[in-house]
Amino acid sequence: MDTSVFISKDEIRSRFSRAMSAMYQQEVPQYGALLSLVREINAAVLEREPTLERDLRQHSELTRLEVERHGAIRVGTAAELKGIAQIFAVMGMYPVAYYDLSVAGVPVHSTAFRPVDEHALQINPFRVFTSLLRLELIEDVSLRQQAAAILSQRSIFPPGLLELAAQAQAAGGLTEPQAKEFVTAATEVFRWHRQATVDQDTYRKFHAAHRLLADIVCFKGPHINHLTPRTLDIDAVQEAMPQRGIPAKELIEGPPRRRNPILLRQTSFKALEEEIEFVGQTRAGSHTARFGEIEQRGVALTRAGRALYDSLLMQARELGSQARSTQTYTERLQHVFAQFPDDEHELYERGLAFFRFEPRDPVVWQQEVAAGRPWDLPDLVKRGVVALSPITYEDFLPVSAAGIFQSNLGDAEQKNYVSQAARAEFERNLGSPVLDEIDLYQAAQTRSEQALQQRFLAESKA
Ligand code: OOG
Ligand code: NI
């Protein structure tokens, strides 16, 4: 087979994310309004910070600043999850990390399908946060059985789509006409259907048990529930949303604002009420599930860095639950996170964050090579011969994800389940293990270090 006729996975992923964006803007006009706001604020930031502009331009980031960075779906069964995995694989998206949301009272567990290699991430990092319903966390046994029966009746994939995915896997790719057909059919899986598959009483029963249960079980498929563009100033967008009549969630999730951003900050507007039709009823009902989100990413943390982040976040939240506190959550977060170093060199030296390495200046580098000292990266970094370039965090945060879920469920839904992580069960349902995100960042850092070391050795011999 002549593989040169195949369209690259990265290209198929880019086309898919564009198609999803177009569909979602049509389905949820308020999402279009959010996109315009983000575009305006990004433009203002670039004007204010010419060095950032130059940086983004150099890294070919400027032209794709406006493309969506992620979306989210929720599926009902193991078979659906396996099919979804097969479809995303065609686009070079693989399951990374396991997220247990049961702690937050949400009866799902999740992974994110995303590109993993650096080149693919650079071309288009689009990822889909994918949650699987955990019926075993629904108390009412008969409701559980009814949900399983309804789910077993539906088929979320248009005819031919899984076959096309299987063929892509067997042959090693898709030709242009196949890729076209594939993107159209794959996008169709996530379309919104205003016709519920059940009558109003059934919907109400599921809704009363958990709103998420109704959202997952009562419709034809796993409609995309939000898309998320990248913003260069999340605080500005958060502030501007209400002024534009966009009902913003109260808080930005994740770490506080810092000089050196870490991990992921995100916020959203609340899910809209949408008209739906029930089986056998002429009067319309309503359902809320779909919203818009924005994100701003920072450097990926090592296991030590992540442990520090988790413990500081916990502290900020615990302080909040003490009645005496007069500080706002944002103030507490700022205060507690003063303990997290905000200096690149310190983050590197203390092994808290992941970086790539490059010579700061060609002349200084030449002199260093000529000096004949042995290779010692920490020393070269310390002396400023080698510059640090942060490795971007490409994943999600379970506490933040829970906050995003909950802002769309209403307070009444904050049922707390005991933590019941079930990673092995999830992986069985998925049909493969999920990749470890920290291993991926570690590998990227190690590759960068080794490449620079090889260059150092080669040039010093020459
Ligand atoms: C997913 C919520 C999590 C994020 O960005 O953390 C998420 C959902 O509501 O289905 O998308
Ligand atoms: Ni999201």
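Report the semi-axes of the equivalent ellipsoid for segment 334-386 in whole Å, largest first, where each axis is √(5λ) for an eigenvalue λ of the Cα gyration tensor.
Equivalent ellipsoid of segment 334-386: 29, 10, 8 Å, largest first.
Using the heavy atoms of the protein chains and a 1.4 angstrom probe, tell me the accessible area per residue for the chain in square angstrom.
Value returned for the chain: 45 Å² of accessible area per residue.
Once you place label points 7 Å from the Cα toward the Cβ at Glu40 and Ala304, how far apart are they in nm?
Rounded to a tenth, the inter-label distance reads 4.5 nm.
Relative to the Cα centre, what is the charge dipole magnitude of segment 301-342, using +1 at the beta carbon of each Lys and Arg, -1 at the beta carbon of each Asp and Glu, and rounding to the nearest 20 debye?
My answer is approximately 100 debye.
Where does helix 398-407 land angle-wise versus the long Cα axis of the chain, in degrees 0 to 90, nearest 10?
Computed tilt is about 40 degrees.
Summing Lys, Arg as +1 and Asp, Glu as -1, what charge do residues with Cβ under 12 Å from the Cβ of Ala89 carry, Ala89 excluded?
My count for the surroundings of Ala89 gives +4.
Could you tell me which chymotrypsin sites (Phe, Trp or Tyr not before Pro) in segment 355-462 are loop residues by DSSP with no more than 16 other beta carbons within 10 angstrom of their beta carbon?
Trp375, Tyr417
Working only with C-alpha atoms, what are the Rg and Dmax values of segment 253-319, expressed in angstrom?
19.3, 57
Of Ala171, Ala424, Pro359, which is farthest on the positive side of the dipole of the chain, counting Cα position, with +1 on Lys and Arg Cβ, -1 on Asp and Glu Cβ, and the Cα centre as origin?
Looking along the dipole axis, the top candidate is Ala424.
Of the accessible area of the chain, with the probe set at 1.4 angstrom, what percent is carbon plus sulfur?
The nonpolar share, carbon plus sulfur, comes to 51 percent.
Restricting the count to DSSP beta bridges whose residues both fall in the chain, what percent are antiparallel, rounded to a multiple of 5?
DSSP beta bridges in the chain are roughly 75 percent antiparallel.
How large is Rg over Rh for the chain, taking Rg from the Cα atoms and Rh as the Kirkwood inverse mean of 1/r across Cα pairs?
0.99
Short version: ³J(HN,Hα) in whole Hz for each residue of segment 442-456, in order, from phi by Karplus 6.51 cos²θ - 1.76 cosθ + 1.60 (θ = phi - 60°), x for Gly and Pro, what are they?
Values, residue by residue: 4, 4, 5, 5, 4, 4, 5, 4, 5, 4, 5, 5, 4, 4, 4 Hz.
Along the charge dipole of segment 1-92, which of Gly83, Thr51, Val5 sits closest to the positive end, that is, farthest toward it, with unit charges on the beta carbon of Lys, Arg, Asp and Glu (+1, +1, -1, -1)?
Farthest along the dipole direction, towards plus: Gly83.
So what are the radius of gyration and Dmax for the Cα set of segment 301-342, in Å?
10.9, 34
How many angstrom lie between the C-alpha centres of segment 247-277 and segment 128-148?
26 Å
Once you charge only the Cβ atoms, +1 for Lys and Arg and -1 for Asp and Glu, what is the size of the charge dipole of the chain about its Cα centre, to the nearest 20 debye?
Dipole size: approximately 300 debye.
Residue by residue through segment 15-26, which ³J(HN,Hα) values in whole Hz follow from phi under the Karplus form 6.51 cos²θ - 1.76 cosθ + 1.60 (θ = phi - 60°), with glycine and proline marked x?
With the stated coefficients, segment 15-26 comes to 5, 5, 5, 5, 5, 5, 5, 4, 5, 5, 5, 6 Hz.
Could you pull out every one of the aspartates and glutamates with an alpha carbon less than 20 Å from that of Lys382, ignoring same-chain neighbours closer than 8 positions?
The qualifying aspartates and glutamates are Asp342, Asp343, Glu344, Glu346, Glu349, Glu358, Asp361, Glu368, Glu449.
Give, as a single signed number, the net charge of other residues whose beta carbon lies under 15 Å from the beta carbon of Ala236, with Lys and Arg counted +1 and Asp and Glu -1.
Overall, the nearby charge balance is -1.
Once R0 is set to 41 Å, what does the formula 1/(1 + (r/R0)^6) return for the Cβ-Cβ distance between Glu181 and Ile150, expressed as a FRET efficiency to the nearest 0.05?
Efficiency, from the Cβ-Cβ distance: 0.90.
What is the spread of the Cα atoms of segment 139-178 along each of their three principal axes, largest first, in whole Å?
Here the spans come out as 48, 16, 10 Å, largest first.
Bins of 5 Å, beginning at zero and ending with the bin holding the largest distance: percent of Cα pairs per bin for segment 1-160, please.
The distribution over segment 1-160 is 2, 7, 13, 15, 16, 16, 13, 8, 5, 3, 2, 1, 0, given as percents.
Once you charge only the Cβ atoms, +1 for Lys and Arg and -1 for Asp and Glu, what is the size of the charge dipole of segment 54-117 about its Cα centre, to the nearest 20 debye?
It works out to roughly 60 debye.
With each label point set 7 Å from Cα along the Cα-Cβ vector, what nm distance links Leu52 and Glu318?
Using points 7 Å along Cα→Cβ, the separation is 3.5 nm.
Using amide H atoms built in the peptide plane, which far-off residues or other-chain residues are under 5 Å from His70 H to H?
For His70, the qualifying residues are Arg127, Thr228.
Could you work out the pair-distance distribution P(r) of segment 235-292 from its alpha-carbon pairs, with 10 angstrom bin width and percents rounded to whole numbers?
20, 34, 24, 14, 7, 1
Dipole of segment 301-342 (Lys/Arg Cβ +1, Asp/Glu Cβ -1, origin at the Cα centre): which of Tyr309, Ala338, Gln327 lies farthest to the positive side?
Ranked along the dipole, the leading option is Tyr309.
Could you tell me which of the pairs Lys82/Lys205; Lys9/Lys249; Lys220/Lys249; Lys205/Lys270 are separated by over 32 angstrom between their Cα atoms in the structure shown?
Where the Cα-Cα span goes over 32 Å, the pairs concerned are Lys9/Lys249.
Would you please give the residues with an amide H less than 5 Å from that of Leu272, counting only those at least 5 places away or on a separate chain, with H modeled from the backbone geometry?
Amide H neighbours of Leu272, under 5 Å, 5+ apart: Ala289, Arg290.
Starting from the amide H of Gly105, placed 1.01 Å from N in the peptide plane, find each other amide H under 5 Å away whose residue is 5 or more places distant or on another chain.
Tyr417
The values are calculated or read from the model by the stated rules, or taken from the named source; none is laboratory data. The model shown is predicted, which means the values in this text are computed figures rather than measured ones. Heads up, the Cβs are rebuilt from the backbone with ideal geometry, glycines too, and the neighbour counts pull from every protein chain shown. Just the protein is used for accessible areas: all its heavy atoms, side chains included, with ligands, DNA and RNA removed. Shrake-Rupley method; radii C 1.70, N 1.55, O 1.52, S 1.80 Å.
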